[in-house]
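Chemist: I have a structure I would like to understand better, so I am pasting it below and will then ask my questions one at a time.
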Amino acid sequence: MSSAILRRVSCDAFAAASARAPAVVCASARAFASSGVPKDFKVPPPPVTANAAGTGGRSSSSGITCTVFGATGFLGRYVTHHVAKSGSRMILPTRCGENERQHLKVMGDLGQIVQLDYSIRDEEAIRFAVERSNVVINLVGREWETRNFSFDDVNVNFAKKVAEISAEVGVRRLIHVSALGASVDHPSAYFRTKALGEEAVKEAFPSATIVRPAKMIGVEDRFLNVFAEHSRKYPAIPIIDGGDTLHQPVFVDDVAVAIRRIVHDELTSGQTYELAGDRVYTTDELAQLVIRTIRTRKKTAYVPSFIMKSIACAHESLLRRVPFPMPTPVGLTRSYIDAQTRDYVKQPNSLGFAELGIEPNVLDGYVIDYLRSYRAGGYETGDAPWDHENDDSTIHRARA
């Protein structure tokens with residue numbers, strides 16, 4: 001067959017296929033319409049990054065305007081950094097002075113970090129903070145009660161208020177940070193109110209993403225730092241009961257990276273993520289890890305919970321009465337003591353780092369390198385150098 005005939009046959013086949021194409025499309029549309037699709041079906045809106053421009057750095061534009069409540073907290077500064085460095089405009093409502101929030105200004109490009117004053121009881125201030133945003137992240141939480149704020153005020157009522165106002169003004173994405181182990185039947189008031197806050201957020205904003213981080217580890221943490229501080233202040237490190245509570249601690253920067261992935265991924269809407277580390281420890285094992293890292297001769301001391309509660313009751317009664325701030329050591333609240341009766345481990349079937357494409361850091365090594373500042377003999381030595389000759393070489397290998 002000549003090439004001319006082949007070309008003619010191909011052209012005829014293409015013309016026939018083109019003539020049938022509209023009929024095929026119409027048939028497919030009729031089949032789609034008759035397949036039980038709801039009449040109110042709508043094409044999902046584009047992602048919040050649909051209008052992104054640039055290479056993705058701080059001087060780019062990600063298309064995201066993100067309000068972060070709790071930006072001056074432990075996790076907040078890391079979340080602000082990771083979301084802002086992709087070129088997002090950040091609105092940071094705070095209730096502190098300029099000195100306590102000035103470190104956040106350098107986390108975004110010029111003019112991209114906007115700071116506001118607000119109160120968790122001021123609905124107009126909350127509305128003003130979120131009405132220009134397409135993403136809202138709520139990191140606000142409280143681990144003990146004071147005369148001004150109870151657990152319900154912070155963990156339930158404020159969370160509900162943010163969700164309701166965000167839904168009213170048309171915010172596209174809401175990420176609510178709770179806590180691993182939150183349950184409505186938990187013996188600890190902190191974890192009970194965290195669970196009630198989750199329910200209130202879901203009711204007001206059904207597509208909200210819930211993030212449940214485990215105990216977070218980092219330079220500013222109130223977990224391993226507490227053990228280290230107690231080793232400097234007391235003859236022994238106090239551990240409630242037998243120290244058998246299970247924890248799966250996670251590096252705070254890993255949680256911040258995960259929240260950034262959630263912000264950029266529309267498929268995470270309406271999901272709940274439990275973010276935990278790579279290994280499970282008992283409380284006693286974590287205290288021993290701190291002791292080895294800071295190279296101290298101190299030991300752990302097991303204190304019955306009823307003794308700790310008797311001390312905590314007197315302290316908490318003062319917290320609700322005195323008109324000035326009081327120091328509140330971690331572990332000296334009834335909520336914290338009650339929390340030691342439960343384990344805090346990720347559920348096997350729950351979503352986590354793996355579904356977000358993140359491999360969490362190992363707890364040993366550079367992640368806890370900040371604890372070396374507690375060494376009595378200096379950063380590189382300590383007052384109990386025996387049996388630790390390989391510690392520094394392990395850290396140096398991890399850094400390399």
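The values are calculated or read from the model by the stated rules, or taken from the named source; none is laboratory data. Quick caveat: nothing in here was measured; it's all calculated off a predicted structure. Backbone-built Cβ (ideal geometry, glycine too); neighbour counts: all protein chains shown. Accessible surface areas use protein heavy atoms only, side chains included; no ligands, DNA or RNA. Shrake-Rupley method; radii C 1.70, N 1.55, O 1.52, S 1.80 Å.
Chemist: Which value, to two decimals, describes the C-alpha radius of gyration of the range 297-377 once divided by 2.2 N^0.38 Å?
Modeler: Against the compact-globule rule of thumb, the ratio is 1.59.
Chemist: Using a 1.4 angstrom probe on the protein heavy atoms only, line up ARG212, ARG342, ARG121 by accessible area, largest first.
Modeler: Sorted by accessible area, descending: ARG121, ARG342, ARG212.
Chemist: Using only Cα atoms, what is the ratio of the radius of gyration of the range 245-344 to 2.2 N^0.38 Å?
Modeler: Cα Rg divided by the expected 2.2 N^0.38 Å: 1.44.
Chemist: Also, quick follow-up: Starting from the Cα coordinates of the range 267-306, work out the convex hull volume and express it per residue in Å³.
Modeler: Measuring per residue, one finds 132 Å³ for the Cα hull of the range 267-306.
Chemist: What is the set of long-range amide H partners of ILE217 at a cut-off below 5 Å, with H atoms built 1.01 Å from backbone N?
Modeler: Correct list: VAL250, PHE251, VAL252.
Chemist: Suppose all protein chains stay in the model; what accessible area per residue would a 1.4 Å probe give for the range 141-374, in Å²?
Modeler: 43 Å²
Chemist: Let me ask another. Along Cα→Cβ, 7 Å out, is where each label goes; now give me the distance between the ones at GLU285 and TYR302 in nm to one decimal.
Modeler: Placing both labels 7 Å along Cα→Cβ, they lie 1.7 nm apart.
Chemist: Then there's this: Which translational diffusion coefficient, to the nearest whole µm²/s, is obtained for the range 118-164 from the Stokes-Einstein equation, given a Kirkwood hydrodynamic radius over C-alpha pairs, 20 °C and 1.002 mPa s?
Modeler: Answer, rounded: 188 µm²/s.
Chemist: Starting from the Kirkwood radius over alpha-carbon pairs of the range 39-181, derive D by Stokes-Einstein at 20 °C in a medium of 1.002 mPa s and give it in µm² s⁻¹.
Modeler: Calculated translational D: 135 µm²/s.
Chemist: A follow-up question, please. Which trypsin sites (Lys or Arg not before Pro) does the range 184-279 hold that lie in a coil by DSSP with at most 16 other beta carbons within 10 Å?
Modeler: Passing sites in the range 184-279 are ARG222, ARG279.
Chemist: Sticking with this structure for a sec: Report the Rg/Rh value for the range 141-374, based on alpha-carbon coordinates and the Kirkwood definition of Rh.
Modeler: Looking at the range 141-374, the ratio lands at 0.98.
Chemist: Going by average Cβ density within 10 Å per residue, which order do the peptides 347-357, 267-277 take, highest to lowest?
Modeler: Averaged packing, sorted descending, gives the order 267-277, 347-357.
Chemist: Stick to Cα atoms and the Kirkwood definition of Rh, then tell me Rg/Rh for the range 150-189.
Modeler: We get a ratio of 1.05 for the range 150-189.
Chemist: For the range 109-229, report the convex hull volume of the alpha-carbon atoms normalised per residue, in Å³, without decimals.
Modeler: Considering the Cα atoms of the range 109-229, their hull volume per residue is 140 Å³.
Chemist: Enumerate the whole-percent occupancy of each 5 Å bin, from 0 to the last occupied one, for all C-alpha pair distances of the range 207-248.
Modeler: The distribution over the range 207-248 is 5, 17, 19, 23, 16, 8, 5, 4, 2, 1, 0, given as percents.
Chemist: Something else: Mind jotting down a quarter of the surface of the convex hull over the alpha carbons of the range 179-293, in square nanometres, one decimal?
Modeler: Value for the range 179-293: 8.5 nm².
Chemist: Compute, for the range 141-374, the length of the dipole vector about the Cα centre, with Cβ point charges of +1 (Lys, Arg) and -1 (Asp, Glu) only. Units Debye, rounded to 20.
Modeler: With only Lys, Arg, Asp and Glu charged at Cβ, the dipole is about 860 debye.
Chemist: How many lysine pairs in the range 141-374, separated by 8 or more positions in sequence or lying on different chains, have Cα atoms less than 25 Å apart?
Modeler: Value for the range 141-374: 21.
Chemist: Given the options THR341, VAL201, ASN361, identify the residue whose Cα lies farthest towards the positive end of the charge dipole of the range 141-374 (+1 on Cβ of Lys, Arg; -1 on Cβ of Asp, Glu).
Modeler: With unit charges placed on the Cβ atoms, the residue in question is THR341.
Chemist: Whole angstrom only: what separates the Cα centroid of the range 187-224 from the Cα centroid of the range 228-277?
Modeler: If we compute the Cα centre of each part, the gap is 11 Å.
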